[in-house]
Ligand SMILES: Cc1cc2nc3c(=O)[nH]c(=O)nc-3n(C[C@H](O)[C@H](O)[C@H](O)COP(=O)(O)OP(=O)(O)OC[C@H]3O[C@@H](n4cnc5c(N)ncnc54)[C@H](O)[C@@H]3O)c2cc1C
């Protein structure tokens, strides 16, 4: 059986992150798109889906009910411009410049340290 995909080719899932039509295949992060939910492909969402995926795999094995992923409505996007400058955007607000890059760099380094 093939995966159902959205217009951009990403695997469609239900709110439990299960690929539509499958009882034991999850699709999370950039590769998955929850049916009728709009949120950007961003590390913010991928990272938050990780613990839920872990929990849902455990629940599936134990025969328990699965938990739903609720994507946050807005997230801060920090995009590097490659010249030690970056753009920050959240909803209708934005800022750009060297200070945004410095801020992004601090956040990224702190995040990476957690995995070392
Ligand atoms: C340039 C750039 C900058 C970004 N900056 C930000 C940012 O500042 N903040 C933010 O929140 N998000 C950012 N994103 C988005 C973020 O990186 C992704 O949303 C996030 O990495 C998705 O995580 P993922 O685990 O789904 O996929 P990935 O992180 O892409 O992980 C997929 C992994 O699968 C591996 N893989 C692929 N094919 C196979 C295969 N056949 N067999 C085995 N392994 C395979 C890949 O090598 C990779 O390691 C950025 C993306 C890009 C491209």
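The values are calculated or read from the model by the stated rules, or taken from the named source; none is laboratory data. Bear in mind the structure is a predicted one, so any value in this text is a computation, not a measurement. Backbone-built Cβ (ideal geometry, glycine too); neighbour counts: all protein chains shown.
Inspect all residues belonging to the stretch 50-63 and state whether any of them is closer than 24 Å to residue 15 by Cα and touching a helix residue (DSSP H, G or I) at 6+ places or on another chain (Cβ under 7 Å).
no
Being surrounded by 10 or more Cβ atoms within 10 Å (Cβ to Cβ) and more than 23 Å from residue 32 (Cβ to Cβ) narrows it down to one of 111, 54, 99, 93, so name that one.
Of the residues listed, the single one that is surrounded by 10 or more Cβ atoms within 10 Å (Cβ to Cβ) and more than 23 Å from residue 32 (Cβ to Cβ) is 99.
On the basis of being surrounded by 14 or more Cβ atoms within 10 Å (Cβ to Cβ), within 13 Å of the ligand (Cβ to nearest atom) and part of a strand (DSSP E or B), does residue 33 make the cut?
So residue 33 passes the test.
Report, ordered by the first and then the second residue, all pairs with beta carbons closer than 6 Å, sequence separation of six or more or different chains, a first member in the stretch 103-116 that is farther than 15 Å from residue 47 by Cβ, and a second member that is at pLDDT 95 or above.
104/86
Of all residues in the stretch 52-66, which are part of a helix (DSSP H, G or I) and farther than 17 Å from residue 29 by Cβ?
Hits for the stretch 52-66 are 58, 59, 60, 61, 62.
Applying the selection to the stretch 50-72, what residues are out of contact with any strand residue (DSSP E or B) (no Cβ under 8 Å at 6 or more places or on another chain), assigned by TED's automatic domain parsing to the domain that holds residue 17 and within 16 Å of the ligand (Cβ to nearest atom)?
Scanning the stretch 50-72 gives 50, 51, 52, 54.
Can you tell me how many residues in the stretch 82-93 are closer than 20 Å to residue 41 by Cβ and modelled with pLDDT of 95 or more?
The qualifying residues number 3.
Can you tell me how many residues in the stretch 24-40 are touching a helix residue (DSSP H, G or I) at 6+ places or on another chain (Cβ under 9 Å) and touching a residue at least 24 places away in the same chain (Cβ under 8 Å)?
Qualifying residue count for the region: 4.
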